[in-house]
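The values are calculated or read from the model by the stated rules, or taken from the named source; none is laboratory data. This structure is a prediction, so every number in the text was calculated from the model and none was measured. When we count neighbours, we look across all protein chains shown, and the Cβ atoms used for this are built from the backbone with ideal geometry, even at glycine.
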Amino acid sequence: MRILLLSFITVLSLTFCRETAAKDQAIIDETKLYKATTVDECIEEKECVWYHLLLATQKNINLKEISNNIALSKWTDNDNVRIRIIGKEVELPKEKYENYINQISPYFPPDISINKQFNFVIVETDDIEKELNGEFKEIALRTLAKDKKLQKNGIIKVDKKAQCYNFYYVSDQKPKPIFGYFSFIKRGSQKDMESCLKEMIYEGSGLSSIYESPLYKDQRFLSKYSNLELFILYLFYNDNIKPDMSAKELKQAFDKIYQPSLDYFKKQKNMQP
């Protein structure tokens, strides 16, 4: 009798696991259904926007396998984001910084200012690894403690080919708000540096860049964010999307807010219906 009972419980457990896995897979499968071929077409197609929202919240971006493994951390409405630009000789003109900051501001609730008392740092440097193991080492080690690949004998290692690098300082307490953001841009050509700047400012919101999407191609080198990037940012800071949500919870919130958010966004952008 005990064996039969255990067998029954095992079957129930396996059935529950399969059903849960099937539901989770259904969330992922919906990302494969979109038909848009451009970023402007994408914003009008719910499945396409869902794919890119999921892409922007992945813990590890792998286009061959978009997964349920997401990470949602946001600044709170009560935060003021204070940006400080650091570098012995800052090469990119201030106007370049202001251009991208001004583009995201209407869709990013916290107030943004450029201030010496900072919680959002952009560092122009000749050596990202040197910066991480210098002035920023203590907070970097604390933040990156779980990522053993980045540390060797207490030294933070970074790919020498990396043009940009960033990390968040996130609370350990749920709902895990962002307390600070640190980004590094390697000096090089103006084109590469500005591409990094554009990406680092966007990722400072808590989202990942979506330039790995097949819809983007050379979009990373344009001086404006696409409507799709701004719309995803607007969705992300909707109150229905909470930090530390699961992919299933994110999908439920997305289904609820997509259409009214799109209508409002298009009205704000004066986009044609």
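Inside region 70-101, can you point out the residues that are out of contact with any strand residue (DSSP E or B) (no Cβ under 6 Å at 6 or more places or on another chain), free of Cβ contacts under 8 Å to residues at least 60 places away in the same chain and polar (S, T, N, Q)?
78, the sole residue that qualifies.
May I ask you to list the residues in region 102-142 that are in contact with a Ser or Thr (Cβ under 8 Å, 6 or more places away or on another chain) and either free of Cβ contacts under 8 Å to residues at least 60 places away in the same chain or farther than 12 Å from residue 86 by Cα (or both)?
104, 108, 110, 112, 131
Scan region 258-270 residue by residue and report those that are surrounded by fewer than 16 Cβ atoms within 10 Å (Cβ to Cβ) and more than 13 Å from residue 107 (Cβ to Cβ).
Scanning region 258-270 gives 259, 260, 263, 267, 270.
Among residues belonging to region 54-84 that are β-branched (Val, Ile, Thr) and at pLDDT 90 or above, point out the one that is nearest to residue 183 (Cα to Cα). Steps first, answer last, please.
Restricting attention to region 54-84, the residues satisfying the condition of being β-branched (Val, Ile, Thr) are 57, 61, 66, 70, 76, 81, 83.
Restricting the remaining residues to those that are at pLDDT 90 or above gives 57, 70, 81, 83.
On the way: 57: 18, 70: 21, 81: 14, 83: 11 Å.
Here the answer is 83.
Which residues, counting only those in region 213-268, are closer than 23 Å to residue 175 by Cα and among the polar types (S, T, N, Q)?
238, 240, 246, 252
Looking only at region 211-236, which residues are part of a loop (DSSP other than H, G, I, E, B) and either surrounded by 23 or more Cβ atoms within 10 Å (Cβ to Cβ) or assigned by TED's automatic domain parsing to the domain that holds residue 110 (or both)? Can you show your working first?
If we filter region 211-236 for residues that are part of a loop (DSSP other than H, G, I, E, B), which is where we start, we get 211-218, 222-226.
Correct list: empty.
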